[in-house]
Amino acid sequence: MYKATLIPGDGIGPEVISAATSVIEAAGVDIKWDEKQVGQAAMAKYNNPLPEDTINSIEINRIALKGPTTTEIGKGFRSANISLRQRLNLYANIRPIKTIEGAKTKYRDVDLVIFRENTEDLYMGIEHMIGKDAAESIKIITREASERIASMAFSYAVKEKRKKVTCAHKANIMKLSDGLFLSSVRSVAGKFPDIEYEEVIADGLFMNMVMNPQDYDVLVLPNLYGDLLSEMSAGLVGGLGVVPGVNIGVEAAVFEPTHGTALDIAGQGIANPTAAILCGVMLLRHLGEKDAAERIYNSVSRVIKNGKHVTRDLGGTASTLDMTKAIIDSLPGS
Ligand code: ATP
């Protein structure tokens, strides 16, 4: 039996995370979940959006499945998500963007993986007012953080038999900060002669990504461009409801859907559980449970392709529970 931390989260989080745990259970993998809180749910219980108790649990289990959590924009507490990443040194955010047959989208055959640096750049929260009418935000880029995200992207490319790594930057404008990111990635690329390596300016990447997403394989980006690209790329394969992700470091991995708390549909039982279930698939692969992971992935694909039991965002009328049940029923042996 495995042990993992479970953070249901806020908004639609609890609805989609319970879908993921029930599918994992139905696939026959025994995980003992240690349920903890982050965000609004933690504020309500501990008056702290990121309790030590939650951090301790993830440090012990080294694996967590997490729903989206709320951070109120521009007020009081710092984003619990950013604090969590920094506390556990989850230095990489990985998002596989893959066409799921049957999902409504303008593109076919997209299959790329985004490696976003997760600890620095403009996300360090170093900002201040200069007088009343100006504000300054500081962008930090270090060689160490840039090289380790690049190493992770290239190592992944080798392990998964991918062909190319693309590094996106704006070193033409931010010559020092993005320049350092670029030269760091380039030096790592030199150690992987069998993987094709290309460099693109971030704005050009965004344009080409909406024209020819099939041109890309593995991408590595600093934090801010990575955030924007991940969200945009979700739109290439069916939207936020279908894209999983993981925040990962040396000590821990926190699997978490790309989407937010979706308060507009929370509590209605209509959220698409696919992203959360595919986070479960990533978590199982991480544990080495490849067979169960493939069975669940194939079952999700079958249900989406069939189109009868899909949620509204995918053009159907099914509830979260209906779609989850269809995925469980479609598992081999069910
Ligand atoms: P947050 O502030 O937590 O990021 P948000 O509502 O601004 O939340 P998302 O939660 O990512 O951002 O949602 C953006 C849109 O996508 C919303 O209209 C939401 O209903 C829709 N959406 C997001 N996730 C899902 C899902 N799993 N199923 C269906 N629709 C979703």
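Within a Cβ distance under 13 Å of THR142, other residues only, what is the Lys/Arg minus Asp/Glu net charge?
On the way: positive: LYS139, ARG143, ARG148; negative: GLU117, GLU120, ASP121, GLU144, GLU147, ASP178.
Spelling it out: positives minus negatives among the neighbours equals -3.
Within the chain, which is the longest segment containing none of the GluC sites (Glu not before Pro) that sit in a DSSP loop and have at most 15 other Cβ atoms within 10 Å?
Numbers: sites that count: GLU72, GLU101, GLU160, GLU251.
Counting only loop sites that pass the neighbour cut-off, the longest clear stretch is 161-250.
Rounded, prolate or oblate: which one fits segment 106-223, using the alpha carbon gyration tensor with axes a ≥ b ≥ c (rounded when a/c is under 1.5, else prolate when a/b beats b/c, else oblate)?
Details: a/c = 2.37, a/b = 1.59, b/c = 1.49.
The shape class here is prolate.
State the antiparallel share, in %, of DSSP beta bridges confined to the chain, rounding to the nearest 5.
Working: 17 of 41 bridges.
Within the chain, antiparallel bridges account for around 40 percent of the total.
Measuring from centroid to centroid over Cα atoms, what is the spacing of segment 130-150 and segment 180-217 in Å?
21
Provide the gained length on full extension for the span LYS308 to THR142, in nm with one decimal, where the gain is 0.36 nm per separating residue minus the Cα-Cα distance.
Working: separation 166, 0.36 × 166 = 59.76 nm, distance 4.92 nm.
Separation in residues times 0.36 nm, less the Cα-Cα distance, equals 54.8 nm.
Which value, in Å³ per residue, describes the convex hull spanned by the Cα atoms of the chain?
Details: hull volume 46.7 nm³, N = 334.
So the per-residue hull volume is 140 Å³.
Only Lys, Arg, Asp and Glu count, each charged at its Cβ (+1, +1, -1, -1), so figure out the dipole size of the chain about its Cα centre, rounded to 20 debye.
In debye, rounded to 20, the chain gives about 400.
Let me know the charge dipole size of segment 106-223 about its Cα centre in debye, to the nearest 20, where only the beta-carbon of Lys, Arg (+1) and Asp, Glu (-1) is charged.
Numbers: 16 positive and 19 negative charges, 47 e Å.
Result for segment 106-223 is approximately 220 debye, rounded to the nearest 20.
In whole Hz and in residue order, list the ³J(HN,Hα) couplings for segment 245-253 that follow from phi through the Karplus curve 6.51 cos²θ - 1.76 cosθ + 1.60, θ = phi - 60°; x for Gly and Pro.
x, 9, 9, 9, x, 7, 8, 8, 9
Residues with beta-carbon under 13 Å from that of PRO332, excluding PRO332: net charge, scoring Lys, Arg +1 and Asp, Glu -1? It would help to have the intermediate numbers written out before the result.
On the way: positive: ARG295, ARG302; negative: ASP291, GLU294, ASP329.
Residues near PRO332 contribute -1 overall.
Please quote Rg/Rh for segment 176-299 to two decimal places, taking the Kirkwood radius as Rh and restricting both calculations to Cα atoms. Write down the numbers at each step before the final one.
Details: Rg = 17.0 Å, Rh = 16.9 Å.
Computed over Cα atoms, the ratio is 1.01.
Give me HIS169, HIS128 ranked fewest to most by other Cβ atoms within 10 Å of their Cβ, as a rough exposure proxy. Spell out each step's value before the answer.
On the way: HIS169 26, HIS128 9.
Going from least to most buried by this count: HIS128, HIS169.
Only Cα pairs under 8 Å and at least 6 apart count here; give the relative contact order of the chain as a rounded whole percent. Can you show the working numbers first?
Values: 709 pairs, mean separation 76.5, N = 334.
Relative contact order of the chain: 23 percent.
Which value in deg cm²/dmol, rounded to the nearest 500, describes the helix-derived mean residue ellipticity at 222 nm for the chain, given -39,500 (n - 2.57) per DSSP H run of n ≥ 4 and division by the residue count?
Values: 11 runs with 132 residues, N = 334.
Theoretical 222 nm ellipticity from helices: -12500 deg cm²/dmol.
Over 31 Å between C-alpha atoms is what I'm after, so list which of LYS3/LYS164; LYS66/LYS106; LYS32/LYS163; LYS106/LYS175; LYS36/LYS161 land there. Intermediate results must be reported in sequence, preceding the final value.
Numbers: LYS3/LYS164 35 Å; LYS66/LYS106 29 Å; LYS32/LYS163 37 Å; LYS106/LYS175 36 Å; LYS36/LYS161 36 Å.
Checking Cα-Cα distances, LYS3/LYS164; LYS32/LYS163; LYS106/LYS175; LYS36/LYS161 exceed 31 Å.
Sort ILE12, ILE100, ILE201 by Cβ crowding within 10 Å, fewest neighbours at the top.
Values: ILE12 29, ILE100 20, ILE201 15.
Listed from fewest to most nearby Cβ atoms, that is ILE201, ILE100, ILE12.
Please name which of LEU331, GLY179, VAL254 has its Cα lying farthest along the dipole of the chain towards the positive end, using unit charges on Cβ (Lys, Arg +1; Asp, Glu -1) and the Cα centre as origin.
Looking along the dipole axis, the top candidate is LEU331.
Count the DSSP beta bridges whose two residues both fall in segment 106-223, then state the antiparallel fraction as a percent rounded to the nearest 5. Numbers along the way, then the final one.
Details: 4 of 17 bridges.
Of all bridge pairs located within segment 106-223, approximately 25 percent are antiparallel.
Where a number appears in this text, it was derived from the coordinates with a stated rule and is not lab data. Just so it is clear, the structure is predicted and the values come from calculations on it, not from any experiment. Positions of Cβ are backbone-derived with ideal geometry, glycine not excepted, and every protein chain shown enters the neighbour counts.
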